[in-house]
Amino acid sequence: MKKYWLSTCLLLATLSGDATFADTAKTTELDRIVAVVNDDVITRAELDNAIAVIKRQLAQSNTRLPPPDVLDRQVLERLIGMRMQLQLAERTGIRVDDATLDRTVGVIAEQNKLSLAAFRDVLEQDGFSFEKFREDMRNEIAVGRLNQRQVDNQIVVSEGEIERFLETQKTQGRATDEYHLAHILVAVPEAASAEKIQDARRRIDAIMTQLREGADFAQTAMSLSDSPQALEGGDLGWRKAGELPTLFASVVPRMPPGNISEVMRSPSGFHIIKLLDYRGAERVIVTQTRARHILLKTNELVTEADVVARLRDLREQVLAGADFADLASRHSADTASAKRGGDLGWLSPGDTVPPFEKAMNALEPGAISEPVQSNFGWHIIQALERREHDDTEESEHSKARDLIRKRKIDEETQAWLRRLRDETFVEYRL
């Protein structure tokens, strides 16, 4: 349970801000307002609760705590960021119903190999209210939907971008090479004055001086970085080459592990990165199946039972010697493959819908399936032959699309959050 507690419970409890430990909110001091976010407030009790959770997380990872004032500031910034997103979600009509919430909690319990009742018991043994956890999850889903609507759904990746990306990767390392990075950011607001930019430049130069004199990167990030990952020591985790922010993409592949970059400037501020580790990608070998099928669909006049009976009859005809291609061309509702005798060509994992793929993979070459239902209708499938295929090029093309999209989402999310922060009234009373 510790893995889940660290990766999800801590994150949610830290960001949502409501008190988890009831006895922490009983004094006037703890009810003091530490920040105003538009027409909402964050109390000392909420901040202390979030800090307590972070302290437990850092203790479990044997990470030294930053000074109390730095920890206060970092955690408060997280609470403000979450609060302003939840406010926008509410204003724009994003709601998470109880049925969706129950399904999500059930999936999380299942992923932890626990029944819902056992999952609830473990949460409460770790000091968390189950009802509070459910509301944290509701908030997390709402913010996820908000991000999807505001950013994810606006992202488009063209074939030209993919080809240019792959060309660039030939000189900068393959798209699937992976880099473990840490990051320090000194943020610069949008439309910042020259004076504020100079102040930020002085801050990042002072940080760079400390690092060159031997300061620990993780501790420095925890104390001085404005990055959302500051409390994790600036750790960005493993990133594929294509997932690197554009600013870093030309620098990181040339860095030896352990090295620290020069200061870099972007619209969000000044950056220093450290390459913690590197690992190269292997070639992708997949098992492909060449298959053909006959598809039939129900309608107002043809019932499901009728379709299944017809397919079984067609299957028996093939087993008795009839030509599958001829039957497919005359009967299949998949007009595209029917012109080829039902031939679907060579199929890699993921090319077809799961029920079809599962039935196809269970067949020996030459065998024909019983009727199989998918969201397209009902099929009989024949596996013609199998082969081991080097799918590296196709895989890299697909991954390039995914990586470009992820990079665009990361960059646009940061820009959107900066704009949202600029539009949000925030008053500090810490």
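Go through T24, T8 for me and flag whichever is over 25 Å from the mean Cα position of the chain (by Cα) and either assigned by TED's automatic domain parsing to the domain that holds R418 or at pLDDT below 80 (or both). Of the residues listed, the single one that is over 25 Å from the mean Cα position of the chain (by Cα) and either assigned by TED's automatic domain parsing to the domain that holds R418 or at pLDDT below 80 (or both) is T24. Tallying residues that are surrounded by fewer than 16 Cβ atoms within 10 Å (Cβ to Cβ), in contact with a Gly (Cβ under 8 Å, 6 or more places away or on another chain) and closer than 21 Å to A362 by Cβ within segment 288-340 yields 0. Residues in segment 309-349 that are among the aromatic types (F, W, Y) and farther than 30 Å from S395 by Cβ: F324 only. Would segment 170-181 turn up any residue that is outside the structural domain of L88 (by TED's automatic domain parsing), at pLDDT 90 or above, touching a His at 6+ places or on another chain (Cβ under 6 Å) and hydrophobic (A, V, I, L, M, F, W, C)? Looking through segment 170-181, none of the residues is outside the structural domain of L88 (by TED's automatic domain parsing), at pLDDT 90 or above, touching a His at 6+ places or on another chain (Cβ under 6 Å) and hydrophobic (A, V, I, L, M, F, W, C). In segment 240-272, of all residues being aliphatic (A, V, I, L, M) and assigned to a helix (DSSP H, G or I), the one that is surrounded by the most Cβ atoms within 10 Å (Cβ to Cβ) corresponds to A241.
With respect to the conditions (1) closer than 30 Å to A309 by Cα; (2) assigned to a helix (DSSP H, G or I); (3) touching a residue at least 12 places away in the same chain (Cβ under 8 Å), E411 lacks only one, and its number is (1). For segment 160-167, the count of residues that are in contact with a helix residue (DSSP H, G or I) (Cβ under 7 Å, 6 or more places away or on another chain), modelled with pLDDT of 90 or more and among the acidic types (D, E) is at least one. Checked against (1) at pLDDT 90 or above; (2) touching a Ser or Thr at 6+ places or on another chain (Cβ under 6 Å), V157 meets all criteria but (2). Summed over segment 307-335, residues that are closer than 17 Å to N375 by Cα and either among the aromatic types (F, W, Y) or assigned to a helix (DSSP H, G or I) (or both) total 4. Contact map, segment 81-104: first residue closer than 17 Å to T424 by Cβ, second residue assigned to a helix (DSSP H, G or I) and among the β-branched types (V, I, T), Cβ cut-off under 8 Å, separation 6 or more or different chains; pairs are M82/V143; Q85/V143; L86/V143; A89/V143.
Each residue in segment 148-171 was checked for being touching a residue at least 60 places away in the same chain (Cβ under 8 Å) and either buried (at least 18 other Cβ atoms within 10 Å of the Cβ) or hydrophobic (A, V, I, L, M, F, W, C) (or both), and 8 of them qualify.
The values are calculated or read from the model by the stated rules, or taken from the named source; none is laboratory data. Just so we're clear, the structure is a prediction, and the values are computed from it rather than from any experiment. Glycine gets a Cβ as well: all are built from the backbone with ideal geometry, and neighbour counts include every protein chain shown.
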